[in-house]
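Just dropping this structure here.
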Amino acid sequence: MKTSASEVESEQLQWGGLQEVPTSHSYWEQPFTQPYFDNSTKREVTTTVGQSAYLHCRVRNLGDRAVSWIRKRDLHILTAALLTYTNDQRFQSLHSDGSDEWTLKIASPQLRDSGTYECQVSTEPKISQAFKLNVVGK
């Protein structure tokens, strides 16, 4: 261990002034900074006709990206962030500031609403997670 500035200085001269910069984390230990899905949420939801359905999508490290909900059968964009892109007012995106959860609410679902819905993140390339909704009669 170097005890004086002159010892450190002479070693720097010996190596052309280059120094090894200590790092606290190696590349593999650095925190993951890209968005990713938290797979702890339920991906299949069953509800009855008329009873609101909630599809919960949890995205970690979202940053400045947006979450969209897409109906797979017709590839219709239902919501992007908190904006709704369908005339069907039964569809709504729910999100609380500071939360990782983006929820698609389908009010008064009908049998025809059964199917696959996709939670999509606006990364390049896009990442998505499929959710299955089953609507059953009363």
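The values are calculated or read from the model by the stated rules, or taken from the named source; none is laboratory data. Quick caveat: nothing in here was measured; it's all calculated off a predicted structure. Counting neighbours? That spans all protein chains shown, and the Cβs are built from the backbone with ideal geometry, glycine included.
Residues of segment 104-138 being modelled with pLDDT of 95 or more, acidic (D, E) and either surrounded by fewer than 19 Cβ atoms within 10 Å (Cβ to Cβ) or outside any strand (DSSP E or B) (or both), which ones?
Within segment 104-138, D113 is the sole residue that qualifies.
State whether the residues of segment 30-45 include one that is under 17 Å from K126 (Cβ atoms), in contact with a strand residue (DSSP E or B) (Cβ under 6 Å, 6 or more places away or on another chain), aliphatic (A, V, I, L, M) and at pLDDT 95 or above. Steps first, please.
Within segment 30-45, the subset under 17 Å from K126 (Cβ atoms) is 34-37.
Right, trim to in contact with a strand residue (DSSP E or B) (Cβ under 6 Å, 6 or more places away or on another chain) and you get 35-37.
Applying the additional criterion that residues be aliphatic (A, V, I, L, M) yields none.
No - not one qualifying residue is present in segment 30-45.
Restricting to segment 33-57, count the residues that are over 15 Å from F131 (Cα atoms), assigned to a strand (DSSP E or B) and not aromatic (F, W, Y). Explain how you work it out, then say what you get.
In the first step, residues of segment 33-57 are kept if they are over 15 Å from F131 (Cα atoms); the result is 33-36, 48-52.
If we keep only those that are assigned to a strand (DSSP E or B) as well, we get 36, 48.
From what is left, the residues that are not aromatic (F, W, Y) are 48.
Residues in segment 33-57 being over 15 Å from F131 (Cα atoms), assigned to a strand (DSSP E or B) and not aromatic (F, W, Y): 1 in total.
So which residues in segment 85-103 are touching a residue at least 12 places away in the same chain (Cβ under 8 Å), among the charged types (D, E, K, R) and in a loop (DSSP other than H, G, I, E, B), if there are any at all?
R90, D100
I'm trying to understand the selection: among the residues of segment 104-138, which are under 16 Å from Y54 (Cβ atoms) and free of Cβ contacts under 8 Å to residues at least 40 places away in the same chain?
If the condition is that a residue be under 16 Å from Y54 (Cβ atoms) and free of Cβ contacts under 8 Å to residues at least 40 places away in the same chain, then S114 is the only one that fits.
Any chance segment 73-84 includes a residue that's in contact with a Gly (Cβ under 9 Å, 6 or more places away or on another chain) and either of a type outside the set (S, T, Y) or without any contact (Cβ under 8 Å) to a residue 24 or more places away in the chain (or both)? Outline the logic, then answer.
Keep residues of segment 73-84 that are in contact with a Gly (Cβ under 9 Å, 6 or more places away or on another chain), which gives 73.
The next check asks that each one be either of a type outside the set (S, T, Y) or without any contact (Cβ under 8 Å) to a residue 24 or more places away in the chain (or both); those that pass are 73.
Checked against the condition, which is being in contact with a Gly (Cβ under 9 Å, 6 or more places away or on another chain) and either of a type outside the set (S, T, Y) or without any contact (Cβ under 8 Å) to a residue 24 or more places away in the chain (or both), segment 73-84 yields at least one hit.
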